[in-house]
Structures are given as structure tokens and as C-alpha cells.
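Here's the structure we're looking at; comments come further down.
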Amino acid sequence: MGIALPVQARFLEPYLLDITRHTVFLPDLPPECEAMTVAHLTDLHRGPITPDEVIRQAIAATKALQPDVVMLTGDFVHSHHRDAAPLAEMLTELRPRLGLWGCLGNHDYGSSSQKLTAALAEGRVRMLRNTAAEITPGLWVAGVDDYQRGHPDPEAAMAPIPKGAAVIYLTHNPIGVFGCDRHAWLALAGHTHGGQIRIPGVTPRFPPGMKGFPYIAGWGVFDRARLYINRGVGMGMVPLRLNCRPEVALFTLRRGDALPVPAPGLVVRAFHGARRAAGKVRATARRAKQALRRAD
Ligand SMILES: [Fe+2]
């Protein structure tokens, strides 16, 4: 028993990929997008902690799902942009008809985020840093920069989107949902790894930059937005997963207004503490941006 859990966490569970399937209702979804499928991968963490086999397995599983589009919500690498080129090579396995779209995570700022973005473009990942793109008529994807290491600007991310469009909003850190919570949009996030190691009464613990946030994995409803926090593929800090399997999520989009079916205990409405925490992070990002402008 004493040895079994560490063995499970180190050698077994990181490879036990979980494919989760969800139906999402978006009121503004164009009829042509009815039943469209969206695969969501996050926190691949290519580098010394996560074995390439774990990443390859997730990519192969995603390919087998034959999604129309693939969304990647950051932490592509663990610490250095040079790990992005081999990852881009692995991602060339994926050729969804509407492309691969991404936003940056805090680990993607470990060295050069620009070189990382350029390397991933070779794997056809189109990175959205505070901007949006129309992936098919009437359906947009917006990506906001990381809330810890980048310069998030939700207003800029949403600026190109016309009124009445359906939108998938990418934010590495779940607190980014406060940038789009006045819209009935699907927001996708990672960052938490679902806690990665879950020991009842001890963990999971929230990662940095999320103090006060109400939950760590699964569905949440924030005003009008539906947020899904994916447990991610790779690992951060330690090469262990316990009671928290890696995940690839597949969403089927439907036109309508129903909220997602919650996993028990994981769905809560945002409370004031979480909003205050996000406000603090946004204020820090604003100050950093002003400092940059002054430096120019
Ligand atoms: Fe991560």
C-alpha cells in the first residue's frame, strides 16, 4: 500500500488519458455550426517533467476524435522555447479543417514567448494574443494573454468580434473568464492541472495567480459565460498525477440557451472574493502595460 500510491502517481496515472465529452449550447451559434466538434488540449508542458509519450498519446487520441477545430490554452512548454519546435512537430499530426488555435500560458514566458510562438506556427498553431479571428462564418475564437506573465487585455481580444457572433474564448488562467462574463460564450481554460495531485483533506491546491477562485476543474457559470477548466495533459513541478487523470475534452456545439450539465460539487457561481482577486491581477497587468508604454 505504501509503495502502490507513489508507483500509481509516477508510472501509471500520467498515462491514463481521460477523454471527456460535453455538449455546449450557444445562443448565437450559426445553424451551419450545429453539431460542430471542438477538441480542447491544455498544459502539454513539453520539457523535462512530462514524458513525450504522454503528449503523443493525447495528440493521437485527439486525432482519432476527428474534431472540426482544436483549441490549446497555453503552457505548451515547461520552461524553454526550444521545446516548442519538437512539440510543433508532434502537433502536425493534427489537421482539423478549421485549424489549431491557441493562447499563451505562464510557462510559455520561461524564455522567449515570441520564439515559442514562431516555432508553434510551424505546427500550424495560430496564437491569439489579445485578439480574435473568425474561424468560420459567424463563429469566432478570441485569445487573451496570460494573466501572470503576459499583458492580458480582454477588451482588445474582443474588439474585432461583431455583435451577435458566437465566440469561444481562450484564457490560460481561469480568472480570465471575468474578461468575457457578460457574454453567453464558451470560455476554455487550463492552468490548474485539476490540482494534479489530489489527496483527500490535503490537496488539491490552487496554483499561483488564482487566489479566491471558487473551483479548480470542470464547469462553472459566470454571469452569462460558461467556463470549462480542463485538467490538462502534462505535469508541472513534479512528474506525478494522483486521482487526477490527464484530459482531452471534446465539445459538441449546439444552438440554444441551456447551461452545461454540472459535475456534482464543481459548478458554482463566481463570488465576490474571486472577482476581487481577478480585479487585483487585472490592475497589476494594467500597471505593467502603462510602465511599458512609458518605457517606449
Ligand atoms: Fe500548466
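Numbers for the structure displayed
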{"read-out": "Computed helical MRE - 222 nm, the chain, DSSP H runs ≥ 4 contributing -39500 (n - 2.57), nearest 500", "value": "-6500 deg cm²/dmol"}
{"read-out": "Vicinal HN-Hα couplings computed from phi for segment 150-166 (Karplus, 6.51 cos²θ - 1.76 cosθ + 1.60; Hz; Gly/Pro x)", "value": "x, 10, x, 9, x, 4, 5, 4, 8, 3, x, 7, x, 4, x, 8, 8"}
{"read-out": "For segment 11-295, alpha-carbon Rg over 2.2 N^0.38 Å", "value": "0.92"}
{"read-out": "Candidate aspartates and glutamates for bridging to Lys115, where Cα separation is under 12 Å - those fewer than 8 sequence places away on the same chain excluded", "value": "Asp83"}
{"read-out": "Cα centroid separation, segment 216-230 to segment 18-53 (Å)", "value": "14 Å"}
{"read-out": "Candidate aspartates and glutamates - alpha carbon under 19 Å from Lys163, same-chain residues fewer than 8 apart omitted", "value": "Asp28, Glu32, Glu134, Asp153, Glu155, Asp181, Asp223, Asp257"}
{"read-out": "Spatially proximal aspartates and glutamates relative to Lys63 (Cα-Cα < 16 Å; intrachain offsets below 8 disregarded)", "value": "Asp18, Glu53, Glu89, Glu93, Glu247"}
{"read-out": "Spin-label pair Asp18/Val202, simplified geometry with 7 Å Cα→Cβ offset, distance in nm", "value": "2.0 nm"}
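No value in this document is a laboratory result; all are computed from the given coordinates. Since this is a predicted model, take the numbers as computed values, not measurements. With ideal geometry, Cβ positions are generated from the backbone for all residues, glycine too; neighbour counts draw on all protein chains shown.
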